[in-house]
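One structure is given below, encoded as structure tokens.
Every number here is computed from the coordinates shown, using simple stated rules; none is lab data. Because the structure is a prediction, the values reported are computed rather than measured. As a convention, Cβ positions derive from the backbone with ideal geometry for all residues, glycine included, and neighbour counts pool all protein chains shown.
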Amino acid sequence: MEMNEIKPKEEPEILFNELFPLRQLWKPKLPYPLWDANWDGNKPGSTGDKRKDHENNRYIRKNGVTRHIILIRHGQYDETHRDDEKRILTPLGREQAELTGKRLAEMIAGIDKQFGPCGVKTIRVSDMARAKETADIIARELPDSVLKAEPDPILNEGRPCHTIPGGRVGPSTVKKTDEGHERIEEAFQKYFSRADAPKIDSEELNTDEECSNGNETSEGVVGSESGNGNGNEIKDAEELAPHPQHEFEIIVCHANVIRYFMCRALQLPPEAWLRMCTFNCSLNYVTIRATGSVSVRMLGDIGHLGYNHSTFSMHHGFNW
């Protein structure tokens, strides 16, 4: 650059309500509160016939697989270190993880025909020390049939987006948000989607047309998920088996990630993520129906821990 050459001045970023760059505000596909039915890109295409599409949707609702995703925040850990490998669980955090494993093991085993076994296929985990240690302790309590996936760094803790309410952010926060959002959004798109739609049986579809559809609810089809529906009910624990139309997986990760996932799954503005509190080793549980509808069954559930094991980071109990 020559001495008399003037470097062009960078244009200031346009701010959203004087808080943060407008480009970092989440932009939904449809205006809130409308629901994007193809939010995961996995909605079956239209036949061009509204009546036929309705019939196909009923068939998918009845015969499709429901995905159950149980998100678990890691146990309490030592926050006095900067290096991740030293930020390991406290003795209390290890107890929290063990109690969580026992609760999940009970869910997997089932209790009786009314609370049948939950078919957990996989336990996933971020690549941070506190999450991996939590997942290892949980996995020791689970049956060998539950596969343990390799740690996935896109599930690591970070700043998924800005928060409202909140003050004006500085350059370092803008940078952290740029770094965290792309990765954590990638994780959401990787792990959250409906199951593939079942192949439609035209003969069964025609039979369904003759039956009343009054047994449908917003949560799906009401009916026994145990037994075979013909009066031959399950009689003892040895006969209990996971329901083939329900698949479960566990993801052990972090508070900010879980809260962002919950907002995105419900198609709520993700800038609301900090309004939720997810305690250590809490269960945060989402169902995704084959039709793409989403429900939260648990948020921050620590009923398995008891008051003496209830923490949010270094805060104990609720008086904080």
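Please give the calculated 222 nm ellipticity per residue for the chain, where each DSSP H segment of at least 4 residues contributes -39500 (n - 2.57) and the sum is spread over every residue; nearest 500 deg cm²/dmol?
Computed mean residue ellipticity for the chain: -8500 deg cm²/dmol.
Would you mind calculating the gained length between K43 and I111 on full extension (0.36 nm times residue separation, minus the Cα-Cα distance), in nm to one decimal?
Result for the pair: 21.0 nm of gain on full extension.
Too long at a 21 Å Cα-Cα cut-off: which of K27/K52; K86/K175; K27/K50; K29/K190; K62/K190; K29/K176? All intermediate terms of the calculation are to be shown ahead of the outcome.
On the way: K27/K52 32 Å; K86/K175 25 Å; K27/K50 29 Å; K29/K190 18 Å; K62/K190 25 Å; K29/K176 24 Å.
Flagged as over cut-off: K27/K52; K86/K175; K27/K50; K62/K190; K29/K176.
Take F261, F279 and order them by how many other Cβ atoms sit within 10 Å, fewest up front. Each step should come with its number before you reach the end.
Numbers: F261 26, F279 22.
Least to most surrounded, the residues fall as F279, F261.
Under 1.5 on a/c is rounded, so check that first for the stretch 59-207, then, if it is not, pick prolate when a/b is larger than b/c and oblate when it is not; a ≥ b ≥ c are the square roots of the alpha carbon gyration tensor eigenvalues.
oblate
Would you please state which residues of the stretch 147-183 a label at Y32 would reach in this model, taking the label point 7 Å out along Cα→Cβ and a backbone N cut-off of under 17 Å?
What the label zone holds, given the 17 Å backbone N cut-off, is 160-167.
Where the only charges are on Cβ atoms (+1 Lys, Arg; -1 Asp, Glu), what is the dipole of the chain about its Cα centre, to the nearest 20 debye?
In total the dipole reaches around 760 debye.
How high is the relative contact order of the stretch 40-149, in percent, counting Cα pairs under 8 Å that sit 6 or more residues apart? Don't skip to the answer; put the middle values down first.
Values: 111 pairs, mean separation 26.6, N = 110.
Across the stretch 40-149, relative contact order equals 24 percent.
Scan around M298 for amide H atoms under 5 Å from its own, H built in the peptide plane at 1.01 Å from N, and keep only partners 5 or more places away or cross-chain.
Y285
Beta carbons within 10 angstrom, averaged per residue: use that to sort the peptides 49-55, 114-120, 29-35, 303-309, highest first.
Numbers: 49-55: 11.6, 114-120: 17.3, 29-35: 9.6, 303-309: 13.7.
Highest-to-lowest ranking by the protection proxy: 114-120, 303-309, 49-55, 29-35.
Can you give me the C-alpha center-to-center distance between the stretch 247-306 and the stretch 52-84, rounded to a whole angstrom?
One Cα centre to the other: 8 Å.
Of W320, W26, how do they rank once you tally other Cβ atoms within 10 Å and put the fewest first?
On the way: W320 9, W26 17.
In order of increasing Cβ crowding within 10 Å: W320, W26.
Mind checking the dipole of the stretch 60-190: about its Cα centre, +1 per Lys or Arg Cβ, -1 per Asp or Glu Cβ, Debye to the nearest 20?
560 debye
Only Lys, Arg, Asp and Glu count, each charged at its Cβ (+1, +1, -1, -1), so figure out the dipole size of the stretch 246-302 about its Cα centre, rounded to 20 debye.
About 140 debye.
Rank these for me by crowding, L19, L283, going from fewest to most other beta carbons within 10 Å.
Details: L19 18, L283 23.
Arranged by neighbour count, lowest to highest, L19, L283 become L19, L283.
Can you compute the FRET efficiency between E239 and D201 using 1/(1 + (r/R0)^6), with r the Cβ-Cβ distance and R0 = 41 Å? Round to the nearest 0.05.
Rounded to the nearest 0.05, the efficiency is 0.90.
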